[in-house]
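The values are calculated or read from the model by the stated rules, or taken from the named source; none is laboratory data. A quick note: this is a predicted structure, and the numbers were derived from the prediction, not measured. In this analysis, Cβ positions are derived from the backbone assuming ideal geometry, glycine residues included, and neighbour counts consider all displayed protein chains.
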């Protein structure tokens, strides 16, 4: 996984609650094993009914074409567990999402892909959102995971909280599977104990 | 010390703590589907990492399979590559695949319990948000993304933070034609789409105890629609009777030993939950969604709410839903003309769902101009329904009777509605564009869907059944 230390760029305000993964990464009519994740991001929301680009959708506005930070509402990433809803962010170099809250599975998927999910205290979030709206893409924000600070136009630095373990994982770009494989001995001995205590669980055979 | 059932299952499956403080939770059964599995097969091959327990891993073709009779890999062209990649990946890795032509193929969340692949008190994972469906038999199930799926394949554990515990006590006795679907929709309406975020929910109370297993699965299936991490019902005699003699379950003396353990799978008296909620289901009428998220729900005799009656924080979402759904506040739900009815999905396509829908349809005709579909949740359900003559009832009434799969729930197999169509669906998500571009979805139970297909308008099944519609 690509380590995350800091990320700078334009912050785009998408100020709605409950944006679900169907919206972030819609199922398109023609599917393939190698999807175009860059084009997938908010594919439907970017278009008007006649298929032309909707100039009112925030990421279509010229000043947000190269947005690097997404600022959004409550329960971001609800719905389907599809990881394409994070891969499509990465493909567009959006590596920070500041939301009022995240759906559980989506937040996990962010951490798996070097995307930093930030939740600010409500008053701080209000102030930060106002600054992002006021900046209107004219100046970049910088999100630094080492110092846990957001800096940018319109005010002083903002500090944010993140669980220490999640922070380290992102900073070091840790291979999640590699981390667990260090404890393979423990997993195998658990299996041996379980096979003795509940043998029916450690075996899944068709008994017909 | 008194413990909740969640704690008992979690603690048993706790392998250890990872260096980053996460709990490593052993996953007893892992079920893959074709939409996501290819990512894991490709990645593990590239990394040279073997699959740790292919014998505890199963795979189904469900999301992209066509539902037409005589289907094959190419019937839905956008699914072909996924079906083949799944076949190849499972063959190379020695994983049992329920392929498109397998007599036991179907939706993962339907197939796994019906074959006894999931067990009470066991942990279970699927790279799909509706994994907790199998909580209906008392399993603790987690939906996950593709990376977590790959992690489970390589290690057979998930690295998780311990969730909080919620008990949802559902009291009362359900009225006629009211089922778990109505209860779940009402609960989501009460708690909100993020009301259970961070929680594992234990569903308890008299209404749950009275539910057959298939309805408990419907209830647990919809847990994610209020944001829950997982949801389950503690197993009881109804569960054990339902599970007995299913092919992947232990048999003979081993069954007796397992049963003895399963009887201990209860929450201790006095155990504390982080949150307790209750819902009195006694007076509940059939429920239906009016909007574009599963919390936008009213009783079938209700009306699209006035903005003034909606919590200010939810008003913008409601306004947007009114526009998308083509509905004015104050409009009664019952009587709205529909174009489509879909009975299917991991939520509501098990045999009893089809039986109650068929009982409504029997001897009647689908209203002119309505496209009505029934897609059984598994090929086993389909076979059993056909043996009981349900397919005849549906076909004679003018329903399409399909081969099993996810079908119109997410439209991943090409089954979808046309722009602007209004659809009553027994599925789990009424999100914008989910069942086709601009399709307006109303979620409801199988009997409400069946009654609607007959009436051609959103219908209160209780009135249709008493002859007054």
- Confirm whether residue B:74 is in a loop (DSSP other than H, G, I, E, B), more than 9 Å from chain A (Cβ to nearest Cβ), without any contact (Cβ under 8 Å) to a residue 40 or more places away in the chain and in contact with a helix residue (DSSP H, G or I) (Cβ under 6 Å, 6 or more places away or on another chain). yes
- Test residue B:60 against the criterion of being within 11 Å of chain A (Cβ to nearest Cβ), surrounded by 23 or more Cβ atoms within 10 Å (Cβ to Cβ) and under 30 Å from residue B:234 (Cβ atoms), and give yes or no. no
- Does residue A:32 fit the bill of being under 19 Å from residue B:411 (Cβ atoms), without any contact (Cβ under 8 Å) to a residue 12 or more places away in the chain and over 11 Å from the mean Cα position of the chain (by Cα)? yes
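Looking at B:320, B:308, B:313 in this structure, which one is assigned to a helix (DSSP H, G or I), away from every other protein chain (no Cβ under 14 Å) and farther than 30 Å from residue B:374 by Cβ?
Values: B:320 fails: away from every other protein chain (no Cβ under 14 Å); B:313 fails: away from every other protein chain (no Cβ under 14 Å).
Only one candidate passes the filter, namely B:308.
Working carefully through the options B:273, B:240, find the one that is within 21 Å of residue B:138 (Cβ to Cβ), under 23 Å from the mean Cα position of the chain (by Cα) and at pLDDT 95 or above. Give the steps one after another, and end with the answer.
On the way: B:273 fails: under 23 Å from the mean Cα position of the chain (by Cα).
Exactly one of B:273, B:240 is within 21 Å of residue B:138 (Cβ to Cβ), under 23 Å from the mean Cα position of the chain (by Cα) and at pLDDT 95 or above, namely B:240.
Can you name the residue in segment B:158-170 that is facing chain A (nearest Cβ under 10 Å) and within 30 Å of residue B:208 (Cα to Cα) and is also surrounded by the most Cβ atoms within 10 Å (Cβ to Cβ) among such residues? Before you say what the answer is, go through the steps one by one.
Start the filter on segment B:158-170 by keeping residues that are facing chain A (nearest Cβ under 10 Å), which leaves B:158-161, B:163.
If we keep only those that are within 30 Å of residue B:208 (Cα to Cα) as well, we get B:158, B:160-161, B:163.
Values: B:158: 24, B:160: 19, B:161: 15, B:163: 20.
Going through the qualifying residues, I end up with B:158.
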- Single match in B:153, B:140, B:174, B:219 (criterion: more than 14 Å from chain A (Cβ to nearest Cβ) and surrounded by 22 or more Cβ atoms within 10 Å (Cβ to Cβ)): B:219
- Item | Elements of type strands (runs of 3 or more DSSP E) in segment B:1-70, at least 2 residues being in contact with a helix residue (DSSP H, G or I) (Cβ under 9 Å, 6 or more places away or on another chain) and either outside the structural domain of residue B:148 (by TED's automatic domain parsing) or free of Cβ contacts under 8 Å to residues at least 60 places away in the same chain (or both) | B:14-17, B:57-60
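Which one of these is in contact with a strand residue (DSSP E or B) (Cβ under 7 Å, 6 or more places away or on another chain) and more than 8 Å from chain A (Cβ to nearest Cβ): B:42, B:37? Quick ask: steps written out before the conclusion?
Numbers: B:42 fails: in contact with a strand residue (DSSP E or B) (Cβ under 7 Å, 6 or more places away or on another chain).
Only one candidate passes the filter, namely B:37.
For the structure I just gave you, tell me whether residue B:130 is free of Cβ contacts under 8 Å to residues at least 12 places away in the same chain and either buried (at least 24 other Cβ atoms within 10 Å of the Cβ) or under 14 Å from the mean Cα position of the chain (by Cα) (or both). Steps first, answer last, please.
Details: free of Cβ contacts under 8 Å to residues at least 12 places away in the same chain: no; either buried (at least 24 other Cβ atoms within 10 Å of the Cβ) or under 14 Å from the mean Cα position of the chain (by Cα) (or both): yes.
In short, no.
Within segment B:416-426, restricting attention to residues that are away from chain A (no Cβ under 14 Å) and not in a strand (DSSP E or B), which residue is farthest from residue A:26 (Cα to Cα)?
Step one: list which residues in segment B:416-426 are away from chain A (no Cβ under 14 Å), which gives B:421-426.
Adding the requirement that they be not in a strand (DSSP E or B) leaves B:421, B:426.
Details: B:421: 19, B:426: 21 Å.
Looking at residues that are away from chain A (no Cβ under 14 Å) and not in a strand (DSSP E or B), I get B:426.
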- Message: Against the conditions (1) surrounded by fewer than 16 Cβ atoms within 10 Å (Cβ to Cβ); (2) in contact with a strand residue (DSSP E or B) (Cβ under 7 Å, 6 or more places away or on another chain), where does residue B:320 fall short? Just the number, please.
- Response: (2)
- Scan segment A:189-200 and give yes if some residue there is under 19 Å from the mean Cα position of the chain (by Cα), surrounded by fewer than 19 Cβ atoms within 10 Å (Cβ to Cβ) and either at the interface with chain B (Cβ under 8 Å from one of its Cβ atoms) or in contact (Cβ under 8 Å) with a residue 60 or more places away in the chain (or both), otherwise no. no
- Message: Taking the condition of being within 14 Å of chain A (Cβ to nearest Cβ), assigned to a helix (DSSP H, G or I) and on the phi < 0 side of the Ramachandran plot, how many residues in segment B:372-415 meet it?
- Response: 3
